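Worksheet: the structure to be examined is printed underneath.
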Amino acid sequence: MRLSSVPALALPLVAAAFALMCLPTPAHAGGKAKAEPGTSRSPKLFLDEPESLFEVRNSDSGFAARASGRMSGFSGTSDLLHLELRHKGKLLEKIPCDYSFYNTEAQFAEFVCTGKQDFKLAGPIEGLLFYWDDAAEKSYLVRTFTATVHEASFNGVAKWVGTPDDLLGAAYVRHIPANGNRGLELMFHFWTSGEARGQKFRCTVDGKKLPDLEGSPRTGAIVSDELELDQQVNGQRQTVKWTRHRVVLSDVVHGDKATAIQVLLGNADTFDQHHVSLVDHPGQWVCDVRANGAAGRRFAFTVTPEGKVARHPSQDAEGALPSWRNVSQLAVTIPADAPFDQRVRPDELKKSMGFGLPWPKDSAELTAGIPSKKKGTVEPKRGKK
């Protein structure tokens with residue numbers, strides 16, 4: 001199969017070369033016992049976690065798996081990617097991945113792995129993403145995704161659904177680079193399990209309040225920015241949508257102010273009337289993300305004297321995976337009433353920070369803002385017609 005298109009994520013990285021391939025999975029590539037960790041290779045193989053997705057595509061005929069994202073360290077179009085779907089350690093399906101290779105200074109690929117088979121199984125599943133380095137003839141395990149599948153019911157008919165309850169606790173900010181006369185903005189990445197439109201950021205710096213900052217939503221998903229749980233409980237329909245947000249603060253600029261004025265064709269005398277330059281506001285930032293009159297997230301981070309959001313210490317802690325360039329992780333607080341969310345499962349949030357990725361060892365600050373009480377729909381289960 002060949003994809004009709006694999007749209008690039010809406011980030012200003014310019015591709016110098018492009019290749020789209022639909023790949024068979026060689027018998028010798030990706031054996032679990034043979035594969036080495038992706039971080040052991042040079043260059044290291046790792047994902048841009050804010051853009052990673054592992055989806056349980058549910059229906060009454062069973063579930064199919066799909067993974068997508070962006071990988072750093074990709075070397076060329078002769079290399080291969082595939083996903084191994086496992087249930088309780090048993091291999092269910094080997095899924096070849098389509099990818100787009102971008103031969104820029106920071107070589108990377110955007111990929112999609114779409115399962116073809118439907119499975120009527122419940123319980124935890126894994127999706128192991130393998131990279132085959134054709135030049136070295138070596139296999140590497142890049143990422144292990146996890147999800148939980150439930151057998152639910154709709155009008156008495158069984159359907160298999162996923163509950164990605166570990167997505168809400170992690171958030172990131174990306175420093176968008178200059179691109180022509182645009183860029184130098186901040187893009188915030190986070191998930192909610194409910195509506196959160198028309199967001200604005202209400203921020204303080206070392207306790208001093210700034211004017212409210214308007215958030216602008218951006219798209220850019222390879223396949224999807226929504227995951228859905230749709231079921232029937234006691235005759236009533238219950239639907240939860242987990243939504244991935246990319247919110248740009250268009251009036252905020254990072255880095256050197258003189259460079260920003262030049263790039264954005266600004267007037268040095270009036271630039272500060274229309275922009276907030278991070279370099280003018282170093283210190284401890286706390287931002288409440290607000291929508292519909294309520295704050296649904298609080299992000300805490302440090303801005304350096306150079307006008308950049310500092311990397312969180314956990315990103316460099318022992319055992320932490322490499323991070324995508326220009327991406328910093330944020331400390332997140334979810335309010336107890338979680339106005340942005342229909343469903344919150346604190347135990348799942350404390351286990352991992354998205355599709356089974358473990359929290360790093362130095363993560364006490366990152367998990368401190370997880371609420372103590374759960375919220376939302378009952379657990380999916382098979383009902384009667």
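Matching residues to (1) hydrophobic (A, V, I, L, M, F, W, C); (2) touching a residue at least 12 places away in the same chain (Cβ under 8 Å):
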{"position": "Pro177", "(1), (2)": "no, yes"}
{"position": "Leu186", "(1), (2)": "yes, yes"}
{"position": "Thr192", "(1), (2)": "no, yes"}
{"position": "Lys200", "(1), (2)": "no, yes"}
{"position": "Thr204", "(1), (2)": "no, yes"}
{"position": "Glu214", "(1), (2)": "no, yes"}
{"position": "Gly220", "(1), (2)": "no, yes"}
{"position": "Asp230", "(1), (2)": "no, yes"}
{"position": "Gly235", "(1), (2)": "no, no"}
Next item on the list: State all residues of segment 254-303 that are part of a strand (DSSP E or B) and over 30 Å from Pro371 (Cα atoms); if no residue qualifies, say none.
Entry: Val276, Ser277
Item checked: Qualifying position, being in contact with an Asp or Glu (Cβ under 6 Å, 6 or more places away or on another chain) and of a type in the set (Phe, Trp, Tyr), among Tyr131, Tyr140 -> Tyr140
Notebook entry, point to check: Within segment 202-215, can one find any residue that is under 29 Å from Tyr99 (Cβ atoms), at pLDDT 95 or above and in contact with a Phe, Trp or Tyr (Cβ under 7 Å, 6 or more places away or on another chain)?
Noted result: no
Next item on the list: Give the residue that is modelled with the highest pLDDT, with candidates limited to residues of segment 374-385 that are of a type outside the set (Lys, Arg) and touching a Ser or Thr at 6+ places or on another chain (Cβ under 8 Å).
Entry: Gly376
Margin query: Please pick out the residue among Ile222, Ile261 that is β-branched (Val, Ile, Thr) and closer than 22 Å to Ser52 by Cα.
Written below: Ile222
Next item on the list: Specify the residue that is farthest from Pro322 (Cα to Cα); the eligible residues are those in segment 100-122 that are modelled with pLDDT of 95 or more and in contact with a His (Cβ under 8 Å, 6 or more places away or on another chain).
Entry: Phe119
Next item on the list: Check whether at least one residue in segment 300-309 is free of Cβ contacts under 8 Å to residues at least 60 places away in the same chain and surrounded by 20 or more Cβ atoms within 10 Å (Cβ to Cβ), and report yes or no.
Entry: yes
Notebook entry, point to check: Residues of segment 355-385 being under 17 Å from Thr163 (Cα atoms) and more than 20 Å from the chain's Cα centre (by Cα), which ones?
Noted result: Lys374, Lys375, Gly376, Thr377, Val378, Glu379, Pro380, Lys381, Arg382
Next item on the list: Scan segment 103-150 for residues that are of a type in the set (Asp, Glu) and farther than 23 Å from Gly220 by Cα and jot them down.
Entry: Asp118, Glu126, Asp133, Asp134, Glu137
Next item on the list: Keeping to segment 360-373, report how many residues are part of a loop (DSSP other than H, G, I, E, B) and at pLDDT 95 or above.
Entry: 5
Next item on the list: Go through Val142, Val223, Val149 for me and flag whichever is surrounded by 14 or more Cβ atoms within 10 Å (Cβ to Cβ), assigned to a loop (DSSP other than H, G, I, E, B) and aliphatic (A, V, I, L, M).
Entry: Val223
Next item on the list: Give the residues of segment 86-127 that are in contact (Cβ under 8 Å) with a residue 12 or more places away in the chain, assigned to a strand (DSSP E or B) and either touching a helix residue (DSSP H, G or I) at 6+ places or on another chain (Cβ under 8 Å) or of a type in the set (D, E, K, R) (or both), sorted by residue number.
Entry: Arg86, Glu93, Lys94, Asp98, Glu110, Glu126
Item checked: The one condition in (1) more than 22 Å from Gln329 (Cα to Cα); (2) in the same structural domain as Gly293 (by TED's automatic domain parsing) that Glu151 fails to fulfil -> (2)
Checklist line | Test for Arg66: is it modelled with pLDDT of 50 or more, surrounded by fewer than 22 Cβ atoms within 10 Å (Cβ to Cβ), in contact with a Lys or Arg (Cβ under 7 Å, 6 or more places away or on another chain) and of a type in the set (D, E, K, R) | finding: yes
Item checked: Single match in Gln329, Gln315 (criterion: within 16 Å of Met353 (Cβ to Cβ), under 20 Å from the mean Cα position of the chain (by Cα) and assigned to a helix (DSSP H, G or I)) -> Gln315
Next item on the list: May I ask you to verify whether Gly307 is in a loop (DSSP other than H, G, I, E, B), within 21 Å of Asp165 (Cβ to Cβ) and in the same structural domain as Asp212 (by TED's automatic domain parsing)?
Entry: no
Margin query: Being touching a residue at least 24 places away in the same chain (Cβ under 8 Å), assigned to a strand (DSSP E or B), closer than 30 Å to His275 by Cα and not acidic (Asp, Glu) is the requirement here; does Arg244 meet it?
Written below: yes
Note to self: Anything in segment 344-354 that is surrounded by fewer than 21 Cβ atoms within 10 Å (Cβ to Cβ), within 19 Å of Leu227 (Cα to Cα) and more than 16 Å from the chain's Cα centre (by Cα)? List them, or say none.
What the structure shows: Arg345, Pro346, Glu348
Next item on the list: Considering only segment 332-342, state which residues are under 23 Å from Val149 (Cα atoms) and either buried (at least 21 other Cβ atoms within 10 Å of the Cβ) or at pLDDT below 95 (or both).
Entry: Asp341
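The values are calculated or read from the model by the stated rules, or taken from the named source; none is laboratory data. Predicted model only: the values in this text are computed from it and were never measured. Glycine also receives a Cβ, built like all others from the backbone with ideal geometry; neighbour counts cover every protein chain displayed.
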